[in-house]
Structures are given as structure tokens and as C-alpha cells.
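The values are calculated or read from the model by the stated rules, or taken from the named source; none is laboratory data. What you see is a predicted model; the values in this text were computed from it and never measured. Cβ sites come from the backbone with ideal geometry, for glycine too, and all protein chains shown count toward neighbours. The accessibility values were calculated without ligands, DNA or RNA, using every heavy atom of the protein model including side chains. Shrake-Rupley method; radii C 1.70, N 1.55, O 1.52, S 1.80 Å.
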Amino acid sequence: MAYMHIGKDFVPPDVNGKVTGRIKYAEDYTREGMVYARLLTSPIPHARVVNIDASEALAMDGVFGLLTADDVYPDGEPQSTGLKVLTNEPTLVGEPILALAAIDEKTAETAISKISVTFERLPFVLDPLDSLAEGGPDAYNGGNTYVFRQGFASEKWSADQVASFRAGNEPTAEPQQTFAYGDLDAALAESAFVYESAFTTAGYPHQSMEPRSAMAYWENGKLYLHGTSQSLSALADGMASIVGVPQEDFVFINEATGGGFGQRARANSIPSMAIPAKLSQKINRPVMMRVTRDEETAIGGARQGFQGWIKCGFKADGTMAAADLYIISDNGGKGGGGDAYSAADCISILYQTEAVRFRGTSIGSNTGHRGAQRGPGQNQIAAIIAPILDKAAEELGIDRLKIRQINTPQNGDIGGASRTPFTSAYMPEALKMGAEQFNLEERMARSRKRNGSKVTGIGIGQGYHNAGRSGMDGIVRLTADGRLKVHNGVGNLGTYSYASTSRAAAEVLQMPWERVDIVTGRTDRNLPITSPQDGSNSIFTNTRTNYGAAMDLLGKMKEIAAMELGGDAADYDIGDERVFKAAAPSEGMTFAEIAQKGISLGGKFTGESDLPEELNDFTKISVSRLAGDSLMGIYHDAPHNNNPPGFTVTFTEIEMDVETGKYDIVDMVTIGDCGTVVHPQGLKNQLVGGAVWGIGLAGYERHLYDPQNGLPASTGYWQSKIPTMMDTPAKIKTGWVDLPDPENPVGARGIGEPAMGAVAAALASAISDSLEGHLFNAAPVTADMIINHVAGVTSEAVPLAQNNFRG
Amino acid sequence: MNLNLTRRRFIKGVIASGAAATTTGVWVAANGAARPAGAVERMIRININGQVRTVDVAPQETLASTLRYKLGLTGTKLGCNRGECGACTVLVDDVSTYACSVLTHSVKNGRIETVEGLESADGTLHPVQQAFVEELSPQCGYCTPGQIMAAVALLRENPNPTREEARQGLSGNICRCGSYDSYLDGVMRAAQIG
């Protein structure tokens, strides 16, 4: 289909501000009379605050006030594992206990040093399996796990059960969560090759570039909060209730966000922004709270680590007949997540496994706050399963690409725990395209070839994430000057989806891009509610809403033209910013004339009546403020039923130095299947960005803690070892299938998360290939682990260790 | 940028000169309320983006603090404030420098350039900025000013770098979005634009 905007590159309106430094992040703002907040955070991993003596601090010149958990939660802290604004019951090092405001940061720091906090030290635990063992410490005050709608609980296994699991055996304890389909026993019995092993994947922090600094002030009863968010209106919706202010009195300002990756999607994952809001309310001054890198690491979120066991069965023809998983997921000191469930779901979908059983239990540890991180669950397991597929191929005498093609999801398939059909699926096309671009056949000839200390490894990986939601709203307006305003509540975290999804509206109205204004950046610009910008869903979800709103506007424009010029609305067409009779194009009205007429008519044309019944409350507030001064298109997106998948495949060649355990990525090709491509440059950025994240997951990133005192060791960029430019290839080749999805009006689906999983999988596959097919059953596979393997050192210091070096 | 000046040598040099400000991760106060005995002159004149600015600088104040909180040049970003990420990269006498890890007093006689100084008065973007727009190099944009300043330094030293040389030149700048490939595309395009 020939589009005017879809599939074409454009310059998003915020790029100029990014290259000139003019665009503002939360910490770049100032306000007259602004004072500065600093945090006192927990120095120990698990404690109870017994007493706070701030008298000396509060008596200092230049100190304006203090905020504690008692101020925030006068009726007591919520009893859950969720991250709190402030707490008297810290369960991780770095958790904020109190905030103090002063004339400047130095005074605030000095005053904080004069505050005496008495902590009751409580037992702490860093490895979930240590907590799971009978008699082991619990990470939380009420136990070591949190059961939804039931509260804290203590989950314990016998010492023998834990030891058996650490030894690599199938866990025998009752799990918290399960799903299953198919006849697992029969599928395993039919299998010609069965692989069984324990495995680990590491948790590690998000480390967004922008610390979660925030500035707040109150004016005329309204709260103005400059913050950071990957979901502008969705996060604002939740943040208003955390602060305790009516939505109509809350203005969230967020022009740009320095990275999100899951931890800035929802208000409850970044409640610290309520600190300057509450403190400002208390002392009646604007408050800036700058967050340090250490603080960001502590409360900025982290991926869940896995301690798992997997058993996979393959038939002689290569079909994956069975997958059986048991996963202990690390809930950290705060938060949690559904990563383990999603991991099993991902295997079911990526390999169309005939029988799957998942068993999982989430256990806390006094380590960093856990929550959704790019492809939560799917991407960890991608790095574990890829070498297993290679092993099965080798054992069954099947080509490594072929075994993936045999098991590939495709159009018409169903998948996952819910057995939901795909909206569309073009993984076979992606595999074929990637293999051709990578020249796989020729490269396979180099597999495992040694040159001095260097060995070539070839890897193939696949990634998946469900990539689209529905049920959200859209608002577009045509103003009296004939310009199109697209109100967009999608956050600006660097995907440019706030702009690319707006182009669906421009497409409907065939509007030149320079005549379109995207209205975003702060909620008092009256935005519709959107889904949180996570789960790779924005492009699917918000092209639906913007397209729908533009269609509503178009219908009203044609109706107005028919009222003015005669005939039925169906007789009219649009083009060149005019509405005209299809049979007599010279008879028509300009968009500006249509808008002016609509404004004079009022009522449904200007948002004053006949709103969609299901419109969300957040959107209703925005519409009520906008009503009357422009011709409006308003839309509520009805829920869709099927699963819009995002798929990627990656092929890579590495050169492994078996003397150092380090490897160079010689080449990498990564292909996306995300329906119709809306914004090629944006898609390329998601693919290469996901690739860098995949490189980190496969080889470098992990939480490390001092086992004696529970202090975090990986508190910054270098200790976390996020990939630098030198860890990534000089060129990552990208491509896309570009076939439309039928359940999206412009054919689009999301891609951000699987872009990471496929690369992590491909690298794990290549590392294994370079070492004669050895399986580490771990992510990351670090240089230490590789050297130990080559040297024949097979025992780890602590099998299945979490949050610690692996010996 | 002097390609012989590796990141490691740079950091070692900063430490040896006593210019490292803080490793605690706490932002250094910009007000300078407390003045230690024997402190240096507070009101100094520094050349920033071709303009001589007079500014009150505390003895322990980092260049990043002066730029952001005294002069309003917020294009220079603080990602870590301890010499890890490069988001605060500026040029001092054409050498890319982490503004978080150098004291303002130690560079007061230098020629300092920030991202705000690259654009022409008529709004024409610097070739590196223009190339980064055309290649859509930034994602979240937080590291972008630092990446741009590192690229400007590289291209002054080596106007026609290979992709590998560009990779080395920007290796002191972290991008958590992982936009390295697009930044390198931007540098190579900028070299073509000249």
C-alpha cells in the first residue's frame, strides 16, 4: 500500500533539541525560590528504623524541613513488596529513609550528616536459595515472598531439596505458580533427544543515563512536577494518586526522558518523584531533588535473576516436543515481576512446543529493586534456550538453521500459556532473510575453526515479546487555521514513538507533516490516556488510537462539508488539505474552513457532547478542557483479542580467544518482524539498541554484592559493566520483513524488546559453538567462566549463585 | 581529539593533577558558602563558547557544576558525576574532557566549548549536529551532547576517520540506549559534510 507517511523517515521534532542541548530533562529546570532536597538512604540491607533524631539538623540555618515515611504514610506503610516513597523498613541498601530540604545541596548534605537514625539490624539474604532453605534468613519482615492478594508468606524447602537443586536436579517442592498444556510425559517419551540441566541468569540494574531527579512546586492549589517517565500520561495517572492529589490538579511535565527500559513506565516503579512533591507541599517552596548514580542504581530497578531447571525433549525430526521449566525468580529487596512465567511462555511461542509445563516461585533477596526490564523473562530464557537448540541439532544430525525453521511460529499458529492465536507472524521470512544476508552457509564452514588462540563461533538467536495492547484513547484536533494537532500521551524516552504513532493520524487526513503539531510534553496540554510505554506496545497501541481519532475527525469533516455543500458525507473525499465532492473535486472546502464551521456548530464537533461512552476518565478531563475551540476527533480503542507478536532473529560470528576468555563480534545481522515498518530509522535504532542490551545480557551484566555486609559492588556503569562502544561491533547490520499485521490499521507491531533477546541468544549460541558445543547454562557467560572451562575447572564456588561472583 | 590520549591516560592525568572532584557520587554544592582558608580567587573570568564570562566559582567546584548551575548551560549532562559515562564531555583547548571530573579553577585559562557553542548564530547546525539529525543518532538524547563533543574533538584531529577510528574516538562515552551504531553513522556522515 502506498502511504504518504508510514514507512518513511522524518525528523522527529525533539531531535534538534537533543543535538543542541536545548531540550530539557527534569534536572535542567529551575524555579524561583527553589531549594534542594537530599536523601538519607539505608546503609544496611535489612533493618527497621527505631528512631530518627533530626533536631540538630533542623536547627541549622538554611534548613527548611524534613520528610519521613511517617509523613508520607500517616496510617502506616503499605504492606507489600512494592517500592515505597520513603520507608522505616528498608530491605535493600540505598532505600530512601528520609529527605531533607535546604537552601543548597551542601547545606542539605551537612544537615543530613547531623541526623541520627537508629536502625535495628535484621537478618539479610542475598541469594534466594539461601532464603528458601529451612532456617535461612527472610528478605522481608513478613517472610521471603509475597503472594498476590494474600500478603507476605514464608516459603521454605528442606536443606536436602535446596542442595539437590544446586546439584542440578529437578526441584521437588510445590511451586507457587504453574501452567501446563499438552501431555508432557508422552512428549518426553516420544523424544529422541532430551536435554536436562539447572541454569542461572543474572539480575542487573537498568542504569538509565538520566538519574531519576525531579523538581516540584505548588501553585494555586495545583502540583507541578518536573519528572522523568517513559509513559507520560499513564505515569501521571498513577503518580497523582501516589502523591494524593486529584488528577485535575496535577500537572506532570516531562519533555524528555533519559532512558527507561521498563523502570519508568509506571508510577509505582518510580515513586521517589513524590518526594519533592510532598516536601514542597510541606515547606511551601519549589524543591529540586537531584538523584546520584548510586541512588539511581539502588532504586532504579533491576532485572529478575533466575535459578532454574529445564528439561527439553526433541523428536527425531527436530520438533521440540516438550519443555519443562522450574524457576526460582529473584524478587530482590523490593518489587518483583512475572519474568519466570514469561520465560516459559516465550519458549512455547518461539518453538511452538507441543507440551509445556511451567513451575515457578518468587523469593526475595536484600538486593536491588526488581521490576520489568526490556523483555522481562523472554530475554533471559532466550540466552539459555539457544545453545540447547544447537545441542539438539547436533545430536539429531539436523542443520542449526533447519531446527529453528522446523519449530518456527508462523501465521495461523497459537502459542503461550493462554494458547492465543497470533495477529500475524512472519518468523519464517525473518529467518530466511537473515540467513541470506548473513551468508550463513558460507560462514558455517568456519564454525569451530581455530587460528592460534582464536576460535570462530557462529550463533543463531531468536527473540519474542508480545507487542501491542488496546483499550486506550486518542484525541486529534483541527484548529481554525487548518492545522492538525495530535495530542499524544506517549512518553518520550528515545524511541520517537510519540512522533511516529502521530503519523497514523496525519496519514488518515493526508496532511503534510509540516502542518501537523504533536501536542505532548506536559499533561496540562490535555493528553489522552495511553498504555504505559512498556512491553513494546506503543507502535501497535497508539497507531490504533491516533488512527481511530483521525477517522472520527475525518467523518465529522465530511459531515460538515455535506451540510454546507449538499449530498451525503460518503460523497466526499479529501486531498491537499481540502474536503471535496469526489464527483466534482472543484466543489469543496479547505480544512481551515471546515474547522471554522465545526467550531461554530459546536456540540459533538467540538467535543462538547457525544463522547465515546468508554472514554477513560483521564481523557475525559482533557477533552473537557479542550472542548469548544476546535474540531475534534475522539476515539476509544476497543480491546482486540489476539496476540500481536514482535519477533527478531540474529545471526552472528564471533572470534573467541580461548587464552583470555574474551571474544570479538566479527559480524552481526539482526532482522525484525514487526509488521509494517512505520519509521525505518526508529526501527533501526531499536534493533541496534536492543543488540547492545543483548550483548550485555549474554556476556557482561550482573548484580554483585558483598556477601559479608550485603553492600552493592556494582553501583555504577563500569561496575555493572554495561557495554561500551568497544564491546559492540563497529557495524550491526539490520533488516526487516515489513509485512502488515491485520489487526493494526497501518499494519504495525512493536519490536523493542525482542531486539535484545535474539542477540543475547545468538551470542550464547556462538560462544557455545566456539567451545565445541559446551553449554554453560548461564547468562552472562563471562570471561572468567570461559577460561575456567578451557582450563578444565568445572566447579563453581557456589552452584546457581545469585548476586555474586560465580567462582 | 588527540587519539594518543586514551581514556585511561586521561583519567590518570586528571587524578595526577589533583583535579578529580569526587568519587562519592554526591553533587558538589555550587554555592561555595564555605570558603576554606587560603582559598583561590572566587570571581574568575573564563572563556566559554568564545565569550568571556565572569562567574563566582567555589574552590571545589567542578566545571560541570559551573556550566550547569552558574551559567545555565544545561546541555552538558551529568549521568554519573564520577568520570564513568562521558555525558558531561566538553572541550578544553580542543581536548575532550569530562566536566564532572575537572575543577573549574584548573581550566580557567583554557578555551572551553560546550554543545551550546556549536550552532551558528543564524541557527545553522554544526556538521556533527546536522549529521546526527540526519542519521537519527540520538535515542533518549541524554548522552548526545557528550557524544557530539567527543565527535567534534575527533574530527578536528582527524577529519576523515575510519569507522574503527571513530569507534575509538567515542569510546569514552556510554549510551545506555545502545545507539552506538547510529552515532558512528553520524560521525561518518559528519566527516563527509565537513
### Task
Find which of A:Tyr351, A:Leu188, A:Pro680 sits farthest along the positive direction of the dipole of chain A, computed with +1 on the beta-carbon of Lys and Arg, -1 on that of Asp and Glu, about the Cα centre.
A:Pro680
### Message
Rounded to whole Å, give me the distance from the Cα center of the stretch A:695-737 to that of the stretch A:199-263.
### Response
25 Å
### Message
For the stretch A:112-166, which chymotrypsin sites (Phe, Trp or Tyr not before Pro) pass both filters: DSSP loop (anything but H, G, I, E, B) and at most 11 other C-beta atoms within 10 Å?
### Response
A:Phe148
### Summary
One quarter of the C-alpha convex hull surface, i.e. the mean projected area of the stretch B:106-148 in nm², amounts to 3.9 nm²
### Ranked order, B:Arg82, A:Arg448 - accessible area, probe 1.4 Å, largest first
A:Arg448, B:Arg82
## Note on the structure
Residues meeting the amide H criterion for A:Ile44 (H placed from the backbone, H to H distance under 5 Å, 5 or more places apart or on another chain) are A:Gly94
### Query
What translational diffusion coefficient, in µm²/s and rounded to a whole number, does the Stokes-Einstein relation yield for the stretch A:511-652 at 20 °C and a viscosity of 1.002 mPa s, taking the hydrodynamic radius as the Kirkwood radius over Cα pairs?
126 µm²/s
### Query
Taking 1 over the mean of 1/r across every pair of different Cα atoms in the stretch B:127-193, what Kirkwood radius in Å do you get?
11.2 Å
#### Entry: Straight-distance crosslink candidates among lysines, where the alpha carbon sits under 17 Å from A:Lys8 and sequence neighbours closer than 8 are dropped
A:Lys684
### Query
Dividing the alpha-carbon Rg of the stretch A:621-778 by 2.2 N^0.38 Å yields what?
1.40
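Other chains' Cβ within 10 Å of B:75-88 residues: what's the mean?
Average per residue, whole number: 6.
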### Message
Can you tell me the mean projection area, over all orientations, of the convex hull of chain A's alpha carbons? Units nm², please.
### Response
34.8 nm²
### Summary
For the stretch A:31-122, the Cα convex hull volume per residue in Å³ comes to 104 Å³
### Task
Percent of Cα-Cα pairs per 10 Å bin, from 0 to the last occupied bin, for the stretch A:371-508, please list those.
8, 25, 28, 20, 12, 5, 2, 0
### Query
Cα-based Rg of the stretch A:17-75 per 2.2 N^0.38 Å, rounded to two decimals?
1.66
### Query
Over 26 Å between Cα atoms, which of A:Lys597/A:Lys620; A:Lys18/A:Lys282; A:Lys556/A:Lys620 qualify?
A:Lys18/A:Lys282
### Task
At 1.4 Å probe size, with no ligands or nucleic acids counted, give the accessible surface of B:Cys175 in Å², nearest ten.
10 Å²
## Note on the structure
Rounded to whole angstrom, the alpha-carbon centroid of the stretch A:321-374 lies from that of the stretch A:276-304 at a distance of 30 Å
### Summary
Ranking B:Leu125, B:Leu170 from most to least accessible area with a 1.4 Å probe gives B:Leu125, B:Leu170
## Note on the structure
Magnitude of the Cβ-charge dipole (Lys and Arg +1, Asp and Glu -1) of the protein assembly as shown about the Cα centre, nearest 20 debye, reported as 2180 debye
### Query
Using modelled amide H (1.01 Å from N, peptide plane; none on Pro or chain starts), what sits under 5 Å from the amide H of A:Val35, excluding residues fewer than 5 places away?
A:Val287, A:Met288
### Query
Averaged over A:287-293, how many beta carbons belonging to a partner chain fall within 10 Å of each residue's beta carbon?
3
### Message
Rounded to whole Å, give me the distance from the Cα center of the stretch A:18-81 to that of the stretch A:610-677.
### Response
34 Å
### Query
Which value, in Å² and to the nearest 10, is the accessible area of A:Asp784 when all protein chains are kept and the probe is 1.4 Å?
90 Å²
## Note on the structure
Mean per-residue count of partner chain Cβ within 10 Å for B:159-166 equals 1
### Summary
Result for the stretch B:127-193: accessible area per residue, probe 1.4 angstrom, in square angstrom, of 24 Å²
### Query
Non-local amide H neighbours of A:Ala256 (under 5 Å, H modeled in plane, Pro and chain starts lacking H): which ones?
none
### Query
Taking the DSSP beta bridges in chain A as the whole, what percent of them are antiparallel, to the nearest 5?
75 percent
#### Entry: Candidate aspartates and glutamates - alpha carbon under 15 Å from A:Lys604, same-chain residues fewer than 8 apart omitted
A:Asp552, A:Glu559, A:Glu613, A:Asp629
### Task
Rounded to the nearest 500, what is the 222 nm mean residue ellipticity of the protein assembly as shown from helices alone, with -39500 (n - 2.57) per DSSP H run of 4+ residues and division by all residues?
-8500 deg cm²/dmol
### Query
Using the heavy atoms of the protein chains alone and a 1.4 angstrom probe, what is the accessible area of the stretch A:31-122 per residue in square angstrom?
40 Å²
### Query
Protein chains only, probe 1.4 Å: how do B:Lys70, A:Lys8 rank by accessible area, largest first?
A:Lys8, B:Lys70
### Task
Starting from the Cα of A:Lys454, draw a straight line to each of the aspartates and glutamates and keep only those under 16 Å, dropping any in the same chain fewer than 8 residues away.
A:Glu653, A:Glu655, A:Asp657, A:Glu659, A:Asp664, A:Asp667, A:Asp769, A:Glu772
